[in-house]
Each structure stands twice: as structure tokens, then as C-alpha cells.
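Report on the structure given below.
The values are calculated or read from the model by the stated rules, or taken from the named source; none is laboratory data. From a predicted model like this one, the values you see are computed outputs, not experimental measurements. Ideal geometry is used to build each Cβ from the backbone, glycine not excepted, and the neighbour counts take in all protein chains shown.
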Amino acid sequence: MCAMGNFWNQDELAGVGRPRKMVTPMQLRDFGLSIGNLKHVEKLEELRSDPPNMVVAECRKTMKIRQNFSDEQTLKKGVNYVMSLGVYQQIQVDPILGMQVLKPASIKFKSAYRPYIGQDLSDKTLIVFRTGGIGDLLFIKPNLQYLKEKYPTCYIQFSCAPQYQSMISTWECVDQIVDLPFPLSYLIHADYHSVFEGVIERCKEAENENSYRLFSRWMGLSLPDDLLIPKQEINEDIFQIVKDVVENKMSIKDKFLALQIRASSPIRTPNLVFWKQMIDELTDRGHNIVITDSKRTEDKVEKFMVDLKNKDKVFNFAKYSETIDYTICLTKLASMVVATDSALNHIAASVGTKCYGIYGPFPGHIRLETYGKLSRWVDAQRHCAPCYLHTYKPCPQATMDGFSPCYNTIDLKKTCDDIEDFLNDKDIPNS
């Protein structure tokens, strides 16, 4: 039997390479920030009164960094870089040499910051940046689609971590992809900036309003729901590779459900007993299941599958998922996606595939509601859910296994009935 409780270690769930070193009030001041910049606010507009928690840091020594298992990035000595305060906390000290390799630059982020709030972008350059995962980036995309259509002469730069850039490269609305952190020169040369730090994490409205709507309001656009689906094209060459894997290496000739069983944070990840019971129930009903994740987790997915009841109907796609594009193409082939509060739901909607979300710490509607008939979800009903905790740490209510107990309140048989009804286009309200 595999160890269900400790299957994913915290580093795998969080994807964090180094612990964060606390920033002192004096350092905040050196960045042009204060303790007030860290507080939560009630309304989105209140965030505009303070600059985002972005900093400009001077690199004191040429160094290589790796964020969340991404490719290495090189930061060059003497260059000023724009990054989130959280990233600065992680990489400011070289863990081997024990020396400070970053320091506050003489220029403050707020002195160069020109927020985009719906201005005319004709012949203008807009740089967009967000520290976050795939879902966070897809929340932004519909607004860029709209802007590129309205202002075809605008130049849009998109800055994010390297592991997401293969996905961004298929977005026709983006003219240039830039690593994050990025040199200050990009900020200075752009006419406007869109940065989303704190929009979800520090605003109470994010507990009730859908993230797509919130991001669109932040940009001064407030697009209608029918324009807030982040449609994206697939890589046709990779699609053919994935299609061959599914049909020949996995021998799946019928329809299948694609599952993502973990999120980037342990607090949003149900334990493996939950997933075993759900997968056993779905395969008992005749469904093929394809589990996808990053390639580095292929052995762990394989280990989990050992104890499944109908192993001949469950397949490990993680071993073939060389980049996020492979999972995007798999999602396009799937009849439906079933996933926790994670990227796969958003990827599914972006390629026109139905998604069924399993939600606990956050309610499903604030993530999936704008997808309309492409989405359904079930919400945990525990007394402390939803808790709205943004953290890479385990749930404070968790027992020794470290997983959030709210997911244990979900009725698995009823949820599987709901999944099948949704698959068969039966119109039943969300849980």
C-alpha cells in the first residue's frame, strides 16, 4: 500500500525552491513600501491608492535562479530587476555563500509605475506581469485578446516565469515574452504597466467576485462574461504526438476523463484516499481515467496507481508531459476534466473542454462561473470552508497527513453522479 497521507511532500505541492527571508520595515522603506502595503483591503479600488508589492532590486553578483522547478534564469551583476516582494524574499540571499546578492535599487518601483486602467493603447507599449501559476495567467488573457483587437497597433509584452512561456507563445495577442524578474529597462520603456499582485491575495472582494471579472475591472475594462473565456490555440505538432500517445501507447480508443489530483498548494489538494475512492467509483462505472501532472511526478503518480481497483482503466500521462503544452493538448482530447482548484480547469475551458472542479478552501464560483456551460463544481461543506487562505503551507485544521479536511465532507457517490450528468449534458444546478 502506498502512503496516502505523505505522498506529495510540501516542496512538490508548493513548488518553492527556497524559504522566504523576512523583509524588515527598513527594507520596505528602501523599496518605497510600508507595512500598509501588506494589509488587506475591502475594495479593489483601495489597492490603487498604494503601489503593488513589486520591488526594484540591484543584482550584486551574477547568479542563476530557479523558480518553482522552472528553467534556470541568469540575473546579471549591476542590473536592476523588477520582481515581486515575495520573490525578492526568496532569492535575496545566496544559500550556499550565505551572502546578500540583491539589494534595494536607488529607483523605486512606484516612481516608474504607470498603471493601465483602460487608456487608449494605439501605438503604445503595455507590459503585463504576474507572479503566479497557469490559472493566474489565464485570468489575464481575455483582456489582452480584447485590447489587441481594439488597438491592433499596440505592443503587448508579457512577463512570467519560464515554465509557463511555452503556453504564452501560442497567444497571438502577445508580441513579446519576457522572463520575470525582468530588467528595469522594460518597465521604463513601456507606456503602461499591468501588474496583478494583491488583486486576489489582498482584496476582500476576491472572496465573492469571480477572478476573471476582478482582473478585468483592475485593467479598467470590465468585460462581459462572454468575453472572459481565455481561448487559446494548441500546438498542432504536439497535439499529434499526444494523440498518438493516447491512442497507441495508452491504447485508449474510447472517451476519457483527464484528472489533475493536486494543486500548487497543499491547502487546495485533497488527500489520495479521496482520489482513490473517486477514481475507483468512476472506473467501476466504465470511465477511462488519464491522470496528468508534470513529468517530474511520473513516479509518484505510478506509485499512487498501484492501489487502484481498476488499474487497466487508469493511465499515467505525467511521464509524457514534457511541457505544459502536452497537458493542454491532452485536455483538448478529453471528454471532460475533473480537477481540484488548479490549472487544469482553466486550461480545459480555454480549449473548449468541460471542466468539473473539486473546491474546498475557495468556492468554485469565484474561479469557474464565467465559463458558463463549460463548467460545474462541487463545494466542500465543512464549518470552516471556505476559508480563503492563500498559503503554500498545509491547512491549519489538517491532521497528521497535512491535507485539508474540508474535502472529506464531499459526497463522492453524489459527485460522481453529478460528473456523469454533466458529461451527458443534464442541466442540474451546481452544488
So how many residues does region 133-165 have that are farther than 15 Å from ILE177 by Cα and among the hydroxyl-bearing types (Ser, Thr, Tyr)?
-> 3
From the list ASP191, ASP225, ASP175, which residue is modelled with pLDDT of 95 or more, of a type in the set (Asp, Glu), surrounded by fewer than 20 Cβ atoms within 10 Å (Cβ to Cβ) and farther than 30 Å from GLU58 by Cβ?
-> ASP225
Exception for TYR388 within (1) at pLDDT 95 or above; (2) hydroxyl-bearing (Ser, Thr, Tyr); (3) under 17 Å from GLU209 (Cβ atoms) falls at (1)
For region 108-117, state whether one or more residues are surrounded by fewer than 17 Cβ atoms within 10 Å (Cβ to Cβ), assigned to a loop (DSSP other than H, G, I, E, B) and polar (S, T, N, Q).
-> no
Residue within region 156-174 that is on the phi < 0 side of the Ramachandran plot, in a loop (DSSP other than H, G, I, E, B), assigned by TED's automatic domain parsing to the domain that holds GLU42 and among the acidic types (Asp, Glu) present | yes
Residue that is surrounded by the most Cβ atoms within 10 Å (Cβ to Cβ), among those in region 41-88 that are small (Gly, Ala, Ser) and closer than 21 Å to VAL23 by Cα | ALA57
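A quick yes/no check of all residues on (1) without any contact (Cβ under 8 Å) to a residue 60 or more places away in the chain; (2) not assigned by TED's automatic domain parsing to the domain that holds PHE215; (3) not in a helix (DSSP H, G or I):
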| site | (1), (2), (3) |
| --- | --- |
| ASN37 | yes, no, no |
| PRO51 | no, no, yes |
| LYS61 | yes, no, yes |
| TYR81 | no, no, yes |
| GLN89 | no, no, no |
Within region 89-98, considering residues that are surrounded by fewer than 21 Cβ atoms within 10 Å (Cβ to Cβ) and of a type in the set (A, V, I, L, M), the one modelled with the highest pLDDT | VAL93
Is it the case that some residue within region 77-84 is among the hydroxyl-bearing types (Ser, Thr, Tyr) and within 17 Å of PHE196 (Cβ to Cβ)?
-> yes
Scan (1) assigned to a loop (DSSP other than H, G, I, E, B); (2) within 17 Å of the chain's Cα centre (by Cα); (3) over 14 Å from PHE129 (Cα atoms) for the single condition ARG213 breaks and write down its number.
-> (1)
Residue check for SER294: in contact with a Ser or Thr (Cβ under 9 Å, 6 or more places away or on another chain) and more than 21 Å from ASP418 (Cα to Cα) = yes
How many residues does region 365-402 hold that are crowded, with 21+ Cβ neighbours inside 10 Å, of a type in the set (Lys, Arg) and outside any helix (DSSP H, G or I)?
-> 1
